[in-house]
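The values are calculated or read from the model by the stated rules, or taken from the named source; none is laboratory data. Given the structure is predicted, the values throughout are model-derived calculations rather than measurements. Ideal geometry is used to build each Cβ from the backbone, glycine not excepted, and the neighbour counts take in all protein chains shown.
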């Protein structure tokens, strides 16, 4: 499993400004984590992360669950 440093040192990101390189590295990392997931698994993955973020910030989300059915 790649670390964030592996993504940050990707040669394709070398010419990006530092802040953009971090954003692109995180995007690539998330893509690699979810690329083989079904739609339901991706939804659960993002719901779990969203719930964790709200909990860390001691916030209650307006919408507690996003739902999307597999076609």
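Selection of first residues in segment 25-40 that are without any contact (Cβ under 8 Å) to a residue 12 or more places away in the chain and of second residues that are surrounded by 13 or more Cβ atoms within 10 Å (Cβ to Cβ) and part of a helix (DSSP H, G or I), restricted to Cβ pairs under 7 Å at least 6 apart or on distinct chains, gives the following pairs, ordered by first then second residue: 34/42; 34/45; 37/45. Pick from 22, 33, 16, 41: which is modelled with pLDDT of 90 or more and outside any helix (DSSP H, G or I)? Exactly one residue qualifies, and that residue is 16.
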